[in-house]
Amino acid sequence: MRPDQVTLGVLVSQVPRDAVDDAVMVCGVREQRSDGKLPAHVTAYLTLGLSLFPDDDYTEVATRVTGSLDRFGCWNAAWSVPTSSAITQARKRLGRKLFPELFERVCGPVAGQAGPTAYLTALGTARGSFLRDWRMLAIDGFDIDLPDSDENAAEFGYAGSGDNRSAFPKARVVAIAECGTHAFVAAEIDAYAVGEKTLAQRLYPRLRAEELLTADRGFYSWTAWDTARATGAALLWRAPTQLDLPVVKILSDGTYLTALVKPTIRGRRRERLLAAARDGLDLEDINAVPDAFDERGLPVVHLARVIEYDVPDRDGSGNGELIVLLSTICDPADAQADELAAGYHERWEEETGNDQLKSHLRGPGRTLRSRLPDLVHQEIWAYLIVHHAISALTATASAAADLDPDRISFTKALRLIRRTATGTADIPPSGLD
């Protein structure tokens, strides 16, 4: 195979059988049927196939997928293609825990290892994959329309109420994506009434020290910042408009340090904390600044760096917009203001990932197939896994051609994968741009 070619292959190559079997074992959903038909691993691959081919019915998808499963040792050629009813019953046996477990096993970072040379070793020239030593991530949310069944309505609910109620129940998803490749690396799914901040709070503890998380101003709260910061990850979030940001120290590049104080800390104690910060005292030393900790020894104040810049005529009205960013990267030597401003702009790459999943993979205006909540959870996780697999394949293709992954058409890659899902084909990356 020429170096400028990439074998797209089939979905199984990105979701290994061993990972599926391990997830099945952990979740305790191994098949119980004596005839061995539709074992758990086959049902898992069929469910992924349903997300890869949303326009086809169960039997058609099964027909498309089983040829690939046979080549990968996941299908017995003596078996007949399962019926829609059989697939539905098999999916019910899997429950809702298998696919998030499988996601955790196969949907890790794509763009290479973090470290001093990360920006040089990212797959292809994945612009926005790294800011110096940090892997760039973004967090955002979206909702998904579900079939209007009583079960889905009871668990997920609708948007709005009365005459303004949505036509279909909706599930809410909040996900963390790798900026350079659009690959989702963590997610939470719940009812529509569960807010984005609540779901995001479940995701922050999964951050790692080598990562930098960007977030829009809607995600900021003291609790969110405190939780995410405690992981050791770097943060780069847009500040809410009304957030008080007192100047503690002006830095060499024109940015400044501020003190983020827990909202319940007010009056004289708050003033003492600000004075201690301006005096350069160590706010992380309980002996130096006892006021900086609560009765459980937890911090109530954090230093943060503020980066301000104007975006001219952002909405086309001729007026500029002031962007105010907060970061845990407090030393300009670690990242200059222009680097952080450019890094925050990469947050919009997750919007691209959301659109790829909702508008191209699933299809615009389309509801899910599943009329039962357990199956809804399966289906959403399956979409996330399939999207990750495609993102990984396009990143590999971009590396072969030394292109930014943004230059690889997601739509064309999806068409090629669907076309070759019953076999493998060597596809030059030039055919994807």
Per-residue accessible area, 1.4 Å probe, largest first, puts F293, F219 in the order F293, F219
Gyration tensor over alpha-carbon atoms, segment 268-310, equivalent ellipsoid semi-axes in Å: 22, 12, 10
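Using the heavy atoms of the protein chains and a 1.4 angstrom probe, tell me the accessible area per residue for segment 265-357 in square angstrom. Numbers along the way, then the final one.
Working: 4960 Å² over 93 residues.
Value for segment 265-357: 53 Å² per residue.
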How long are the three semi-axes of the equivalent ellipsoid for segment 248-294, computed from the Cα gyration tensor as the root of 5 times each eigenvalue, in whole Å, largest first? 20, 13, 8
Taking a probe of 1.4 angstrom, what is the accessible area of D216 in Å², to the nearest 10? 50 Å²
Sorting W237, L260, G280 by the position of each Cα along the dipole of segment 236-282 (Lys, Arg +1; Asp, Glu -1; all at Cβ), the one nearest the positive end of that ordering is L260
Shape call for segment 259-352 from the C-alpha gyration tensor, a ≥ b ≥ c root eigenvalues: rounded (a/c under 1.5), prolate (a/b greater than b/c) or oblate? prolate
From Cα coordinates alone, what are the radius of gyration and Dmax values for segment 198-333 in angstrom? 15.7, 52
Write down, largest first, the equivalent ellipsoid semi-axes of segment 179-277 in whole Å, where each equals the square root of 5 times an eigenvalue of the alpha-carbon gyration tensor. 28, 18, 12
Would you calculate the separation in nanometres between label points at L322 and S84, each defined as 7 Å from the Cα along the Cα-to-beta-carbon direction? 5.9 nm
Please give the peptides 386-392, 15-21 ranked by average Cβ packing (other Cβ atoms within 10 Å per residue), highest first, as a rough proxy for protection. 386-392, 15-21
Can you pull the percent of segment 319-391's accessible area that's carbon plus sulfur, 1.4 Å probe, other chains left in place? 50 percent
Taking a probe of 1.4 Å and leaving out DNA, RNA and ligands, segment 138-254 shows per residue an accessible area in Å² of 39 Å²
Can you compute the FRET efficiency between D57 and L243 using 1/(1 + (r/R0)^6), with r the Cβ-Cβ distance and R0 = 51 Å? Round to the nearest 0.05. 0.50
Using the reciprocal of the averaged 1/r over all distinct C-alpha pairs, how large is the Kirkwood radius of segment 343-397 in Å? 12.5 Å
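The values are calculated or read from the model by the stated rules, or taken from the named source; none is laboratory data. In this text, all values refer to a predicted model and were calculated from it rather than measured experimentally. Using ideal geometry, Cβ is built from the backbone for each residue, glycine included, and neighbour counts are taken over all protein chains shown. All accessible areas refer to the heavy atoms of the entire protein, side chains included, with ligands and DNA or RNA removed. Shrake-Rupley method; radii C 1.70, N 1.55, O 1.52, S 1.80 Å.
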